[in-house]
């Protein structure tokens, strides 16, 4: 057994398995031997065997934190966070002062979208082990989801002070400073980080693209590629800058070679496959476009959504409950408690329907600022739903309004009107109108197949859990259409207006004038120069929304129709 353990510790997994298997056979109730065999099996790819070994060891030694943690890691390896969670919880309960176990617990909670508990786990991990870089980065990711931007800056400043040489923390701090308007400080940190570690050029390049500085971003990605050729992010960044050649030669052959490398991790591979798909789309190479988008979505699904709950029955039930809760007589009744503020302008619709472009047009108006995509109403709707059928009190409504308006202005500043372009707020319009009855709602529609093809062909990170799977996308889209049909029947024309993406790109001025009137504003010609809008864009549309209006995205799916599978069901859904 001792030799087997030594071989595990030196990374000789296959050799160690032979010795440990003999040890377990000789000592079938020796939990230590079983545990080390599990570790060896996990590293040889025999995950199911490793899981069985861990469970067997736990039966012999209930509550053993080392074994429980290893079981959780095995489950996470095969994307089963719901099974990993109780294993990590056993480890934490048995060894509450272990920052590593708390960190792993946070990862499982995060994958299951249990955001607040994940935040607490990562924060506790940092208190116990303040030098764990990945714990700071995961905590920051959660805080960003919660729109706690000031707290993000504080956490990262403390992290950089404690671990000053880590470029991941440096670039994360730079991005956080930029989000709160401290752009000069942000760029100074980005530049210094890239000088000391060229790999940090990826983060700098992506930030430059958010600022609309695509030409400047190219040098960052090329520098990063020169330092480390086996990467995916730099190629993805080049596609975002519409650069498809290096030194006068297409980089697709080079990128395909990298894609086949065993050194590339899953996240890098996901970036690279999306980049290759976009490069071949530019070349009009239909077969390779379909091949690489399918591969990219499979990789992204495995990375982000495999094991992440997408409960169709529950989601449909929530939509039905929303329709039942907000019939027309409820929506239109006069209540005193709602805020009288007309500051917010809500831009809603399906993701990838053009909401970023519309937001750029509208926020080009001198009296409109953009708050981007706050997640406030997604969190608030979940909280209110947990109250059951109980009506919100007047005080509760007033408190929600105050919290929202404060959060909105913290991001966008003191502007007469502020746009909130979180598209998925379409699901929460009943609650939004209850709290802010004077707010204007703009619903942007787009051809169903154009919309869903764009979802399938866009890298969304850990975005909505219906992404990266054609069947899930179609299912979710149909739910969205049903709920929007309901809102159309309960809101008046002065409360909600609907416009079509196709009209926006074919006649921007007519649509812009209609929306400006709807919002009660005087016309400004600045709305016809949206490409000059210098506000940061943090959505995947950061390039498109800065260009002059173009129509090439209409029926973009047409050349690939025979490879779209379930998405073609949407051809039957052309009506609003």
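Some points to look at:
- Filtered residues of the stretch 396-427 (kept if outside any helix (DSSP H, G or I) and within 30 Å of residue 485 (Cα to Cα)): 417, 418, 419, 420, 421, 422
- Within the option set 402, 462, being in contact with a helix residue (DSSP H, G or I) (Cβ under 6 Å, 6 or more places away or on another chain) and more than 20 Å from residue 357 (Cα to Cα) holds for one residue only, 462.
- Scanning the stretch 502-513 for residues that are surrounded by fewer than 15 Cβ atoms within 10 Å (Cβ to Cβ) and part of a helix (DSSP H, G or I) yields a count of 5.
- Of all residues making up the stretch 343-384, the number that are surrounded by 14 or more Cβ atoms within 10 Å (Cβ to Cβ) and part of a helix (DSSP H, G or I): 16
- When the stretch 48-81 is filtered for residues that are closer than 23 Å to residue 135 by Cβ and out of contact with any helix residue (DSSP H, G or I) (no Cβ under 8 Å at 6 or more places or on another chain), only 80 remains.
- Residue pairs whose Cβ atoms lie under 9 Å apart, sitting 6 or more positions apart in sequence or on different chains, and linking a residue in the stretch 240-265 that is in contact (Cβ under 8 Å) with a residue 40 or more places away in the chain and at positive phi to a partner that is assigned to a helix (DSSP H, G or I) and surrounded by fewer than 18 Cβ atoms within 10 Å (Cβ to Cβ), are 242/282.
- Count of residues meeting criterion [over 21 Å from residue 476 (Cα atoms) and at pLDDT 90 or above] in the stretch 290-330: 7
- Residues (surrounded by 22 or more Cβ atoms within 10 Å (Cβ to Cβ) and under 22 Å from residue 521 (Cα atoms)) located in the stretch 419-430: 419, 420, 421
- Qualifying residue in the stretch 309-327 (condition: outside any loop (DSSP other than H, G, I, E, B), crowded, with 21+ Cβ neighbours inside 10 Å and touching a helix residue (DSSP H, G or I) at 6+ places or on another chain (Cβ under 6 Å)): no
- Contact map, the stretch 438-457: residues that are over 18 Å from residue 485 (Cα atoms) paired with residues that are surrounded by 24 or more Cβ atoms within 10 Å (Cβ to Cβ) and at pLDDT below 95, Cβ distance under 6 Å, separation 6+ or inter-chain. Pairs shown: 454/352; 455/352.
- The lone criterion from (1) free of Cβ contacts under 8 Å to residues at least 40 places away in the same chain; (2) crowded, with 22+ Cβ neighbours inside 10 Å; (3) closer than 28 Å to residue 200 by Cβ left unmet by residue 87 is number (3).
- Among the residues listed as 255, 277, 219, the single one being assigned to a helix (DSSP H, G or I) and over 27 Å from residue 467 (Cβ atoms): 219
The values are calculated or read from the model by the stated rules, or taken from the named source; none is laboratory data. Every value quoted in this text rests on a predicted model; they were computed, and no experiment measured them. When we count neighbours, we look across all protein chains shown, and the Cβ atoms used for this are built from the backbone with ideal geometry, even at glycine.
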